[in-house]
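The structure appears right after this line, and notes come after that.
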Amino acid sequence: MATRTDAPTRREQILKEAARLFAERGFHGVGVDEIGAAVGISGPGLYRHFAGKDAMLAELLVGISGRLLTGAKRRIAEADGSAGAARGAVGARSAGGAGIAGRAAGAGAAGGAGGAVAAGGADGVSAVGGPAGVRGDGGGSRRDSGALLDSLIEGHIDFALDDRPLITLHDRELDRLRDSDRKLVRQLQRQYVELWVEVLREVYPALAEPAARSAVHSVFGLLNSTPHLGRPGSLPGRAATAELLHRMARGAFAAAADGE
């Protein structure tokens, strides 16, 4: 995920401290005054930003579900955009090649079999299939699904390392949301899962859809274990932890595919 360089708004500061306090003490163990004090405003002043703790909890859990989905869609769009740019370059080269083939065909008509062989060779090159893990659309567009899967994993690891309180909050407090907010969280999460399932099955075409979905949920469980890894200072470092999680996620997906 992109790193922000601008300062957080007061509303964002409130949400960050609310997430931390809710994760540490539980939703009912934290008062509005404590959240306000953590960001340097009075409890009543906090109501200028939120109707209450319930509204904060809803924005935290709906918000992170939406951000994960948006981030995944952005990464997929970037992969498809890169594939489209590559297709354009190939198309330009193909157009030049078509002119050469046309001239060769003309030479064949005028001068015999040599030109015909050249034209036939040009046709033969056009039907080359792509490898597993590279998606084609029949028009020459291909995205590197393996690289895209790595990108999705990286994005989720960023969340798992940088927003650990939200993972704890989701596990403990999701049922406190209003029905409509809880349903929205689940809907966003289902869409997020299905994006991963699609990409995973491009990388491992033999992996059946139910197995792919189970593998995605299992890897989410692995990556979302970060709140249980100990205090941040006790970990081997962010980069090393991210690399370890990435290898484990990739290994889990490969193991799921090997079992099919």
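Yes or no: the range 25-46 includes at least one residue that is at positive phi, touching a helix residue (DSSP H, G or I) at 6+ places or on another chain (Cβ under 9 Å), of a type outside the set (D, E, K, R) and surrounded by fewer than 13 Cβ atoms within 10 Å (Cβ to Cβ).
Checked the range 25-46: at least one residue is at positive phi, touching a helix residue (DSSP H, G or I) at 6+ places or on another chain (Cβ under 9 Å), of a type outside the set (D, E, K, R) and surrounded by fewer than 13 Cβ atoms within 10 Å (Cβ to Cβ).
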Practice item. Give the number of residues within the range 216-240 that are assigned to a helix (DSSP H, G or I) and more than 22 Å from Asp171 (Cα to Cα). Key: 5
Point to revise | Tally of residues being touching a residue at least 12 places away in the same chain (Cβ under 8 Å), under 17 Å from Asp158 (Cα atoms) and of a type outside the set (Val, Ile, Thr) across the range 233-260 | key: 7
Check your understanding: Being assigned to a helix (DSSP H, G or I), hydroxyl-bearing (Ser, Thr, Tyr), surrounded by 14 or more Cβ atoms within 10 Å (Cβ to Cβ) and in the same structural domain as Gly63 (by TED's automatic domain parsing), is that true of even one residue in the range 160-173?
Key -> yes
Revision key, fill the gap. The number of residues in the range 182-211 that are farther than 25 Å from Arg75 by Cα and crowded, with 18+ Cβ neighbours inside 10 Å is 0
Revision key, fill the gap. Residues of the range 10-60 being more than 29 Å from Arg186 (Cβ to Cβ) and hydrophobic (A, V, I, L, M, F, W, C), in sequence order, are Ala37, Ala38, Val39, Ile41
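The values are calculated or read from the model by the stated rules, or taken from the named source; none is laboratory data. Given the structure is predicted, the values throughout are model-derived calculations rather than measurements. Virtual Cβ from ideal backbone geometry, glycine too; neighbours counted across all protein chains shown.
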